[in-house]
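One structure is given below, encoded as structure tokens.
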Amino acid sequence: MLTIQVYKNANKPTILKCIRADKSETWSKLHPNTEYHDLAHIAVETTLCFKNSFFGMVANGVNITDFELPEHQKPDTLRGANLPRESLVTEHLVNLLTIEQLNTKEDINFIEEAQKILKEKNLPFPKELTEDSLKIIRTQFLHLISLWNHLNDGDYLENTFNL
């Protein structure tokens with residue numbers, strides 16, 4: 001289990017804090033608007049039951065700040081070929097979801113685009129991603145965005161991810 005908290009601060013950076021099942025914690029200040037990327041991770045990883053992506057790695061002991069270290073300083077788990085392929089697939093899905101929901105008004109065929117991107121990157125298309133699961137992901141992401149946008153300064157949005 002992983003408890004994910006995203007703290008909203010009007011005049012300071014947003015904070016992403018994760019509390020693992022063993023009660024150990026990791027946190028990081030986020031770059032502006034990165035919270036939407038992290039909310040998309042929640043929607044994708046929980047809906048598709050991914051255990052080896054960002055939040056799964058955090059639940060298993062990787063610190064959030066480790067992801068931003070220079071390659072030679074990252075833990076072995078986060079270096080190049082050691083990264084779980086599921087985590088690479090997730091990043092592409094999260095980026096596509098974020099673009100679809102926040103940056104464009106044109107309709108895109110999400111599954112078709114995801115298949116194309118993943119094929120170009122020589123990554124597998126997840127069998128869990130169907131039109132039905134995509135509807136759930138979109139609904140959850142929009143719900144999380146709405147909750148975030150209506151959150152008061154100083155409060156946090158909390159989600160529990162059963163890994």
Margin query: List pairs: first residue in region 54-83 and within 16 Å of residue 16 (Cβ to Cβ) and touching a residue at least 60 places away in the same chain (Cβ under 8 Å), second residue part of a loop (DSSP other than H, G, I, E, B) and open to solvent by 60 Å² or more (accessible area, probe 1.4 Å) anywhere in the structure, Cβ distance under 9 angstrom, at least six positions apart or on different chains.
Written below: 55/163; 56/163; 59/1; 59/21; 59/51; 59/163
Next item on the list: Within region 10-35, track down each residue that is of a type in the set (Gly, Ala, Ser) and not in a loop (DSSP other than H, G, I, E, B).
Entry: 28
Check: Taking region 130-157, which residues are under 14 Å from residue 40 (Cα atoms) and part of a strand (DSSP E or B)?
Finding: 157
Check: Looking at this structure, is residue 78 under 29 Å from residue 133 (Cα atoms) and either among the small types (Gly, Ala, Ser) or more than 14 Å from the chain's Cα centre (by Cα) (or both)?
Finding: yes
Check: Among 48, 39, which is the only one that is touching a Leu at 6+ places or on another chain (Cβ under 6 Å) and at pLDDT 95 or above?
Finding: 39
Next item on the list: Specify the residue that is least open to solvent (accessible area, probe 1.4 Å); the eligible residues are those in region 1-35 that are closer than 20 Å to residue 160 by Cβ and of a type in the set (Gly, Ala, Ser).
Entry: 28
Item checked: Condition met for residue 152 (in contact with a Lys or Arg (Cβ under 8 Å, 6 or more places away or on another chain), more than 22 Å from residue 163 (Cα to Cα) and either modelled with pLDDT under 95 or open to solvent by 60 Å² or more (accessible area, probe 1.4 Å) (or both)) -> yes
Notebook entry, point to check: Name the residues in region 124-146 that are over 30 Å from residue 81 (Cβ atoms) and either β-branched (Val, Ile, Thr) or open to solvent by 70 Å² or more (accessible area, probe 1.4 Å) (or both), would you?
Noted result: 131, 132, 135, 136, 139, 142, 143, 145
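The values are calculated or read from the model by the stated rules, or taken from the named source; none is laboratory data. No experiment lies behind these values; they were computed from the predicted model shown. Methodologically, a virtual Cβ is constructed for each residue, glycine included, from the backbone with ideal geometry; neighbour enumeration extends over all protein chains shown. Please note that ligands, DNA and RNA were not included when accessible areas were found on the heavy atoms of the full protein model with its side chains. Shrake-Rupley method; radii C 1.70, N 1.55, O 1.52, S 1.80 Å.
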